[in-house]
1. Which GluC sites (Glu not before Pro) in region B:122-198 sit in a loop by DSSP (not H, G, I, E or B) and have at most 11 other Cβ atoms within 10 Å of their own Cβ?
2. Per residue of chain A, what 222 nm ellipticity follows from adding -39500 (n - 2.57) for every DSSP H run with n ≥ 4, rounded to the nearest 500?
3. Of the options B:LEU325, B:VAL47, B:ASN18, report the single residue whose Cα projects farthest towards the positive end of the charge dipole of chain B (beta-carbon charges: Lys, Arg +1; Asp, Glu -1).
4. Can you give me the relative contact order of chain A as a percent, contacts being Cα pairs under 8 Å and 6 or more apart?
5. Considering only DSSP beta bridges where both residues belong to chain A, give the percentage that are antiparallel (nearest 5).
6. Evaluate E = 1/(1 + (r/R0)^6) for B:ILE109 and B:PHE189, where r is the Cβ-Cβ distance and R0 equals 35 Å; express this FRET efficiency to the nearest 0.05.
7. Which of B:HIS258, A:HIS99 comes first, and how do the rest follow, when ranked by fewest Cβ neighbours within 10 Å?
8. Across region B:276-289, in residue order, what do the Karplus-derived ³J(HN,Hα) couplings come to in whole Hz, using 6.51 cos²θ - 1.76 cosθ + 1.60 with θ = phi - 60° and x for Gly and Pro?
Amino acid sequence: MKKVTVPEQSTVEKAVRHAAAIGVAVKESVYPLTATVQYPRQRKKMPDNFRGYILFDPEKCINCWECAFICPANAIRMKEAPNKKYYPTIDYGRCIFCHFCIDSCSGGALRATKIHDVAYKDMDEMLTLTEEMIEPPEIIREDKKLVEYQIDEKDLRLKKTREEDNLIVEKAPPPVEIQMVSQCIDRASCIGCHVCEHVCESGAISSSIANGVMRMKIDTDTCTGCGLCVKECSMQILTLVRK
Amino acid sequence: MEEVINELMGTIMSNQLNIPALQPVLDSVSQLPVVGLLISFILWKPVFALLICPGLSTVGILLLFFPWVERKLCGRIQWRVGPREIVPWLGGLIQLLADTLRFLFQEVIVHKDAHRPYFLQFAFLSFIAALLPLLFLNAGNVIAIETPYAIQAMLALVCLFPFFILGLGWASNSRFAYIGTVREAFMYFAYEISFIIAVIAMVVLYGTSNPLEMADKPWGLILNPIAAFTFFVGAAMATSRMPFEIAEADQEVAAGPHVEYSGIAFGLIYVMCYEKAYILAGLMTVLFLGGGSGPDIPGITPLLGNDLMGIVWFLIKTIIVLTTLFVLRTIYPRYRLDQGLNIGWGAMITLSLIALALSIVLVQGGIVL
């Protein structure tokens, strides 16, 4: 067994180390570094990919429910809007800010911000409805300075500049938006259960009976490529393809 | 009756504080019937020593601002900010004033198991005990009681502190207070002997224990640095500053003997630590840094006079010693009780005996004086 002991040091070595410690104290008292960000007055500069409050743009939403499916904390519930579409609501009491919803959003309707200081009065208020997610929440900005951590060779320094951080990140849209569309790959296997027709939010799937045979039709113009019918098809004969 | 008053007035007027810059004002004020008498009474050196410096007013001002200086300085060294929220543009300067107000209006809780009379009495008595050594402390040539045994008297009164802390802990009758009190008792014996020997070394070296005569001698720090070091470490132990904050260790015994106190009783105990530090720093200034002696500054010394310059030099030196004592807590972590006792009974006593031997050699060899 190895026993841990105090390292052997001569008196001179000890004295040198004491002197070094006192020297550091004197140096810091004259020219100190700080590690404190005085929060309401100063705000730390967050990176652009900071995982904060989530904003929502209903124009871009294609009703694919992907955010609600992927949410590991079950914080996102879909709620029917007056225009018969389903939009996400986020319960911030459950949200773990993993931003899987934003990563999975195919239309780019969900957007991350740097806002991390929203207060709620009670648990019920933490359920953020779709209407409240469109505009950023009202926060009182008291910060006069922007603080940035800088690590040089030895020490951590705070760089303070007199400017305000923009909390809402203007991210460039993805370069190419790939339009997907639903397509039936095996018409012969269709049992005509109408599930795809019911589930489709945009009304792209219609059915007709001709000569006693049920025929489903997918309108490629109105289809948003949300993939809901693909998920729900009982025979699993639907798939998403490029438009 | 008139003779007695005249004699009294003669005594008072013969030992006045001399301030050349204010002399015309004082002369005109002294013509006034009651105010003149009052002012000449205050400027009487023993009363001035008690009331103004190094006595009550100086202690009060230091107690109000020194905890702030300590917290701010330690904050700077440790990359923090320190107190700030009360009057931010002054950097939280009146933090302790606000704390004092809060202490004043807070309820003093005496818990069920406490020994009620002693619990309340010791908090206030200890504050008075900490003030007593000021009677023999001199700032320049201003001293309350001039006696050839001033250093010994001060030492005896300084050694009274721990008894009151033991009393606090005993009256509190709680487990943390008990552990803290026992630690305090252990530490008391560990530092006291070497502390006293270090002071005796200086008394032997100077050949006198009258602080007024010590001021004319060369600095003790240069003559006997070992004694100065021992005294300084002993002072850190006596005031329970950080490396030897064994009795009050916050993380272990939650302020030790003070744990049960609240309100103004806690406030008094809290500032008592600073008071102790001030008195020991003053004693260090007198013993090792030449007291109130200092070089003449052209333009200022003729204006203020020798008496006031002595006070100014004394205060400057004392504050430097105090600051050094307080900065220790940013440099060293706390020792364990056994390590503290080891240092006290081992290294400190050895160093103090070496210091005493050095003093005897210096005196006998005729190197000094």
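Derivation of every value follows stated rules applied to the coordinates shown; laboratory data play no part. Since this is a predicted model, take the numbers as computed values, not measurements. Here the Cβ positions follow ideal geometry from the backbone for every residue, glycine too, while neighbour counts run over all protein chains shown.
1. Answer in residue order: no site qualifies.
2. Working: 6 runs with 45 residues, N = 243.
Taken over chain A, the calculation gives -5000 deg cm²/dmol.
3. Selected residue: B:LEU325.
4. Value for chain A: 19 percent.
5. Within chain A, antiparallel bridges account for around 90 percent of the total.
6. Computed FRET efficiency for B:ILE109 and B:PHE189: 0.65.
7. On the way: B:HIS258 25, A:HIS99 17.
Ascending number of Cβ neighbours within 10 Å: A:HIS99, B:HIS258.
8. In residue order, the calculated couplings are 4, 4, 5, 5, 5, 5, x, 5, 5, 4, 5, 7, 10, 10 Hz.
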